[in-house]
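Some notes on the structure that comes next.
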Amino acid sequence: MNENTIAFIGGGNMARSLIGGLIADRHPAAGLRVAEPDADRREALIADFEVQAFQENATALRGADVVILAVKPDRIAPVVRELAAQIRAQGTLVVSIAAGVRCADIDAWLGGDSPVVRAMPNTPALVQTGATALFANASVDEAQRNLAETILRAVGMVVWLDDEQDMNTVTAISGSGPAYFFLTMEAMQTAGESMGLDARTARLLTLETALGAARMALESADDVGDLKRRVTSPGGTTAAALNELESGDLAALYRRALNAAGRRADELGRELGDQ
Ligand SMILES: NC(=O)c1ccc[n+]([C@@H]2O[C@H](COP(=O)([O-])OP(=O)(O)OC[C@H]3O[C@@H](n4cnc5c(N)ncnc54)[C@H](OP(=O)(O)O)[C@@H]3O)[C@@H](O)[C@H]2O)c1
């Protein structure tokens, strides 16, 4: 890992998080190269992490074992076409973190038969607690899989998919998922305030409860349904609240919501591939 040179195309929020995670994992800063058009952002990356930052994409890519495509999804096609010859000549592994952009489209823009890994991280990666799904095309070898995994693990946990089609479901669960929890937290906080708590207290109790519940579930061997039953005494306060939530058929609502997100992810993938 430590001898690998990693180039980032785009030095925005996600690249910053990955770079911060890699530095925290003791990856040498000299092996991290970033292309970023904005001079202030380049200066900040150099000042904060001592990485090498360049205005030109081709300069950042020079000699890289792996290139992380960290620009917005609609910028991926022109960036890949611009760098295709250099990527092929160097044998560089391409890792795209762009939401929705499919491996086969990236491979076609590269000219075909190139190793491509597609990653779907989520926003908590910005605070190093992301959940990322990875998919590798048939040209990616074992060492390249390990390299891609190590990079994304710098910002949280990683799972591999065997079927790229499942990326749409991943997008519906973990990609868009932080917003569902924000919505729930917002609703709980607002309810707490309406019952008389001040905003700060309602916020703090809501957020710490969310964190505590997630940590308990992660650390437990039991599934979340069992955990829920264990904290729900018959006739108690939790049961009273859950009755209200379940009478609105929350499970069916989530099924509809995730299906809607999955369908939209599929549509976006097709649109991005048609560039
Ligand atoms: N943020 C997340 O939580 C998250 C989660 C999952 C996936 N992703 C994916 O990660 C990617 C990056 O997201 P982000 O939030 O980091 O975006 P961002 O903060 O906007 O970063 C993208 C950076 O790339 C620069 N850029 C634009 N065109 C470029 C080009 N042709 N060559 C080199 N650099 C260029 C942008 O500069 P300008 O601003 O000057 O255009 C910007 O600094 C996206 O594809 C997104 O789908 C992000």
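Brief remarks on what is shown
- Packing-based order for 230-237, 203-210, using average beta carbon neighbours within 10 Å, highest first: 203-210, 230-237
- Taking the chain as a Gaussian network of alpha-carbon nodes connected by springs under 10 Å, the highest mean-square fluctuation of the residues F182, F135, F49 belongs to F182.
- Using alpha-carbon coordinates, inclination of helix 199-219 to the longest axis of the chain, degrees: 70 degrees
- FRET E, pair E56, Q275, Förster distance 25 Å, beta-carbon r, rounded to 0.05: 0.70
- Helix 39-49 and the long axis of the chain differ in direction by around 80°, with both axes built from C-alpha atoms.
- Net charge dipole size for region 1-90 [Lys, Arg +1 and Asp, Glu -1 on Cβ; Debye, nearest 20]: 260 debye
- Length added when fully stretched, S247-E186, from 0.36 nm per residue minus Cα-Cα: 19.9 nm
- Relative contact order computed over the chain (Cα-Cα under 8 Å; 6+ residues apart), in percent: 15 percent
- Modelled FRET efficiency - R0 45 Å, S220 with E267, Cβ distances, 0.05 increments: 0.75
- Peptides 70-79, 147-156, 186-195, 245-254 ranked from most to least packed, by the mean per-residue count of other Cβ atoms within 10 Å: 147-156, 70-79, 186-195, 245-254.
- Look at the Cα gyration tensor of region 1-153: its axes a ≥ b ≥ c give a/c under 1.5, and that counts as rounded.
- Computed on protein heavy atoms with a 1.4 Å probe, the accessible areas place R256, R145, R270 in the order R256, R270, R145, largest first.
- Angle in degrees between helix 237-247 and the longest Cα principal axis of the chain, rounded to the nearest 10: 70 degrees
- Between T201 and M157, the FRET efficiency from the beta-carbon distance, with R0 = 45 Å, is close to 0.90.
- Taking a ≥ b ≥ c as the square roots of the eigenvalues of the Cα gyration tensor, region 129-181 is classed as oblate, since a/c reaches at least 1.5 and a/b does not exceed b/c.
The values are calculated or read from the model by the stated rules, or taken from the named source; none is laboratory data. Predicted model only: the values in this text are computed from it and were never measured. Backbone-built Cβ (ideal geometry, glycine too); neighbour counts: all protein chains shown. Ligands, DNA and RNA are excluded from the accessible area calculation, which covers all protein heavy atoms including side chains. Shrake-Rupley method; radii C 1.70, N 1.55, O 1.52, S 1.80 Å.
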